Structure formats: C-alpha cells, structure tokens
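The structure under discussion appears below in the form of structure tokens.
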Amino acid sequence: MADYVSAPQVGDNLEIILYGYRYRIKGPVRVIMGTQFPAKLVQGDFGKDDNPVISTYSVSDLRGGMGLWRYPVGGGGEDKYWTGENINPLHAGATTLGPLATVVARPGGTTDVVDWITAFNDVTLVAVFSNSLFNYNSSTDAWTASIDTTPGGVTDSVWFNGRQFYAESSAGYSYHTAADATLTDVATPTYPSFVVWDGRLWLMNQSTGVLSVSTTGNAASWTTLAAIPGFPLGGFTFAQLELIIYDDAAGEPIIWCLTNQGPFMYDAGNDKWIRSRMITPYFYRVAAINRFLGTVHRESMYFQYKTNRVYKITMTGGTMLVDDVSVGLPDGLTAIYTGGPIGRFFSLDNKLFGLMVPNDVSGDPVSMVVYNDRGWHPLYTNTVATTSIYAAGIAEVNVGNTVKRLYFNDQDATNTNHLRWIRSHDLFDNPLFSTTRTYAASGNIELSVFDGGYEAQQKVAIACRIKVAGASANETVQIAYRIDRSTGSYTNLGSAITSTTEQTLRFGTNNVGLAFKSIQFRLTLARGATTTLAPKIEYFAMDYIRLPEVRKGFQVTIDASDNAPDGQTPQQQLENLWTAVETSTLGTFAYRDDTGGTRSYLVKVMRPEGVEQTG
C-alpha cells in the first residue's frame, strides 16, 4: 500500500504494529507484489486474442458510419465509428479513397449561382443558374446556350404528362415538353411543391397550405382540395411544406406532406389531412438551409428536422417506427461537418446520398455523404473556404451505355459555383476487384479515441500492424497518433506505407513503446498521378500491454500465544485481529527492515490464514 508518513516506532525485528496494536511475529515480514486483477486469458472466443499479456486493438470494417469519438466497449473488437474526409469505407477490409469528383466547366459567360439541377432524360441534365436555364449533355460534355429564364428561383421539379414541371419560389411554376424548349409559365398557385400520384399531378401551395390536383398541369386546370389543419403551423409565416409519396398503415402508397411540425397524411377518400404519429415541436424552416425535407429510400421515408437531425420513418404492419439516423450519431462530428444540414437527398440503389451544405456560413465545406443502413460516410469533402450556398440537387444521367454519373453542385477554390460529377458505379464496386474506378487525390480517417474500455489504466503501445492493398511509392498510407485525448496535432508513426505486405511499425526510440491511457489514430491516404490507382487498407491493428497498478503486499505470521509487547492478552490479540479484518478502512502497519529502520504503510488486512488456539 502507500507509504505512511507518520511512522510509529517498532521495538525489534520480531515485532509489528497493526491498526494501532503491537504484535509479536514468527519469522520475517515477507514483502510481495500484487496487482488489482490477474492477467487476462480468453480461450476460444472468436474475435478476441488468447495472449495473457499482449492486447490488440483491430480495425478492418468501418461500415458502421462516422460519428463516435470513443471506442464502443463490447464492440466486438471492431471500431465502427470514426470521421474522415474523401474516404470510401463501404466495403469491409477495403477502406480506400473516395471517388474522384470531376469539375464540369460552366456555361460560357455564366457567373451566376447554381439554383437547381435535375435529369431531364437519360443523358440530359437541366441546370438553372440564377434563373437562367441551360441543358448539359453528359455524353458530349457540352452546354447549350441559355434556353429561357425562370420567373423565380426553382425549388422543386417533377415529370408529368410528357413535361418537366419546375416549382418557383415566388411565381407559381413553369414547364416545358423538351429539354431545349422554352418554358410555359403559370403564375398561380404560388410557391408550390409537386408530386405525381394516382395518374394526376398534385400541388401544395406553401403560402396557404392548400392542396390542389390537376389531370394536365395546365393553367386553370386545378381543383382545390383540403388545407393543412392549423396552417400556418406554430404561427410561422414560412412553414415550407413538401409533398411526398409513402405508405399508409395498410401498406398502400398515399400522399404525405412534410411540415415544420412533422408529417401529415392525406385521406383522399374524405379529402382531409391527418396528423401522423410523429409530432415534432414547432421549428422554423429557412429556405436556403432546409430546402428539402425528405425522400423515400427503399422501404422507409427520411425526414429532416431542424438543421441537423434526420429521422427514418418506417410503416410496418400498421405500426409507424421512427429512428433517429442523423449524421454524426451517436456522439457528433468534427467541426468540418457541423456547418449545415443535408440540403438534398437522393436515393440510388441500396444507398441514400445526401449533400451537406454550408448552412449560409462562409468557410464551411460542401460534403457528399452516403447512408448504407448502418451509418453515414463522407465520400467527398470540399475543404476550401466556400461562400454561402445551398444544395441545388443531385441527379444521375448516363454517359454512353455502361457508365453513369452522379452530378451535384459545389464551389472551387475561387468560390465559383459549378457542378461536379462522380461515377455512380465507383460507389458500388468493391475496390479490391475494380481496375476502372477513379479516386480522389487524398483523404484521411480519424479513428475514435481508444482506451481499451478502461481509460484510467496505464498502457504501453508496442507496435502497429497494417496491410495495404495497392500500396506503392505513389499510393501510400501514413499512420499518425495522438494520446490522452489530445486535440492537437498528430505525430507520424514511422514512414508512409508503400508495401502490399503486412508492415509492423514500432513505438518509441529503440522500440521501447509509448505510454498512453487513451490513443487516437489518423490514417492519411494518398494516390499518385494515376487516378485509377489507390491504397486500400485491409486491416490495421495496434498491439499494446495493459499495466495494472502494482501494489505491495505483506505476509506475516503473528504469535498470539503470549501477551503482546503492549500488554494485550492472547484473547485480546485475536479479537483485535478479527476487528482489523472486518474494518473497511485502512490501518497502520509498521515493521523493521534488515537495516533496522522502521517502515510504515497504510494497509488493509485481506487474507487471514492460520490456527486460532484457545486456553
């Protein structure tokens, strides 16, 4: 135990003081070393190591998504939460760089902000630059001249009756029948949200909360229906209502309206709106920030609430299940992802894509994130300072017969608004088996803080082991670390990995190790000039040793057959020893060492062993 400063004096070598009483002993005091718990030993448990001394922290599967800064205790040996930039961790054992995002040159002479993008057909993209409408042919990588000007900012679009309809922010809607045709403008209803259902075009007037329906979409063809009850909800003058098609309790698709107090369901048979089971507190929606409220992906509807929450709503067997699937769960994200919400959703195959926007705050990045039913992943991040923009949309079009591109709006280093594209199939092919996918120039992963489930315990890091497929002199991975919850810079561990065989990098000068209580790793990936080559991390592991606190223990044999030096009778000695055993606090223990000096400690009597003799 700990040294006791005020040491009582002991008469001779065969005498001790214990809890204030003097005792005679037989033989010397035996000093032993003890730990708080025995060395671990796990046998036959898959995913755990059997070495009683060395422990291993292993990472090979990051599909659980980003957002946890502390290693999950009982996480099965896998660190599945992290954060990063330009990283694709969508395949186990093949974490690599995110896709190459290629800039699309702007239409000649255009300097305006990208307001909207949508796919008009399989190869044509329609883009609106500050109300000026242009067509982009993905096969020829060419823009048309300005086709027309929209009366107001575009906020929604839908294909119906052989026409593309565009909702305007302040002037009704417009439509055209061909990508290069001029627009037909309709002044009312103002500020609509569109949806196609039951062979008709439905429109929600966001200014009044009134639903209308038309069989053609022509002016003066609309039939006015029910209004959202209690509109404007919460008294907010800007409620932002968005129509969407999703299932009712019977599994039949119906019209829903996403609002600033949760979703409403439309009863077409009785022409009335019914509040759903998900009711949110009133919140103010800002058009430039919360421009799109939700989408349907696979069997669920995703609804954005406030500025940073995403809820997954699933109707199953008459039950409405609501899950919080916000970006950054369970603990949140680094500052680079806190600038804004998901401004646009896009469902593609088994992935849900989202475009995170700067939230009208200059200096925050634009990020393309993707959800894989486990968590969100940052495929692309523009780390340069940006001006205030909002998500103009995400759209997919074909390039030839085999290649598809996913387009989205972004900015460059000069804060110029433009488009980028990534190849869609690059997001689904396993990078270990693809030779055609293209990669970003660099990216990084910051793993969560790891403490082995016991942060107060001292540990020593021995070595890191890593295997990188596709590594070379140009395609590299650099390991770096920081310890004990530091938020400062990282320290590189050895040189960048350039070999495809397992590499071992040891800690400390002359491999003496690194003392830590918690540790965080950053893995930086980089490629060379060839865009189709990139490093792929198959696994990463750290070997470390736990250092339980070492304490002193004392073994003595007490002779209670006669009176003690302080006059205790044998019976009193036994009674006092039992009292010491049953006492929960520490007491004084003193004895003489080999040089005649007194040593004194605070101790707890733990294991009484011996014979009690009466008479």
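The values are calculated or read from the model by the stated rules, or taken from the named source; none is laboratory data. Note that the coordinates shown come from a computational prediction; the quantities given were computed from them, not determined experimentally. A quick note on method: Cβ atoms are made from the backbone with ideal geometry, for glycine too, and the neighbour counts reach across all protein chains shown. Just the protein is used for accessible areas: all its heavy atoms, side chains included, with ligands, DNA and RNA removed. Shrake-Rupley method; radii C 1.70, N 1.55, O 1.52, S 1.80 Å.
Things worth noting here:
- Cα long-axis angle, helix 570-582 against the chain (0 to 90 degrees, to the nearest 10): 10
- Each of Lys536, Lys306, Lys604, Lys26 has its accessible area taken with a 1.4 Å probe; listed largest first, they run Lys26, Lys306, Lys604, Lys536.
- Pairs with C-alpha atoms separated by more than 18 Å, drawn from the list Lys467/Lys536; Lys312/Lys404; Lys459/Lys604; Lys517/Lys604, are Lys312/Lys404; Lys459/Lys604; Lys517/Lys604.
- Mean Cβ neighbour count within 10 Å, used as a protection proxy, ranking 313-320, 538-545 highest first: 538-545, 313-320
- Nonlocal amide H pairs with Ile497, under 5 Å, H built at 1.01 Å: Val477, Gln478, Ile479
- Accessible-area order (highest first, 1.4 angstrom probe) of the listed residues Lys272, Lys552, Lys467: Lys272, Lys552, Lys467
- Karplus-derived 3J(HN,Hα), 6.51/-1.76/1.60, for each residue of the stretch 487-496, Hz, glycine and proline x: 10, x, 6, 8, 10, 5, 9, x, 8, 5
- Using the Cβ of Ile274 as centre and a radius below 15 Å, the other residues enclosed give a net charge of -2, where K and R count +1 and D and E count -1.
- Heavy-atom accessible surface of the stretch 454-518: percent carbon and sulfur, 1.4 Å: 45
- Relative packing of 390-397, 13-20, 555-562, 242-249, which averages over residues the other C-beta atoms within 10 Å, highest first: 390-397, 242-249, 13-20, 555-562
- Of all DSSP beta bridges confined to the chain, the antiparallel ones make up roughly 100%.
- For Cα Rg over 2.2 N^0.38 Å, calculated from these coordinates, the label among (1) 0.89; (2) 1.37; (3) 1.02: (2)
- Heavy-atom accessible area with a 1.4 Å probe sorts Arg374, Arg423, largest first, into Arg374, Arg423.
- Taking amide H positions as modeled 1.01 Å from N, with prolines and chain starts lacking one, the residues under 5 Å from Val366 and 5 or more places away or on another chain are Asn382.
- Rolling a 1.4 Å probe across the protein heavy atoms gives the chain an accessible surface of 43 Å² per residue.
- Here, the stretch 456-576 is characterised by an Rg to Rh ratio of 1.47, where Rg is the alpha-carbon radius of gyration and Rh the Kirkwood radius.
- Cβ-based net charge around Tyr166, under 12 Å, with every Lys or Arg adding one and every Asp or Glu removing one: -4
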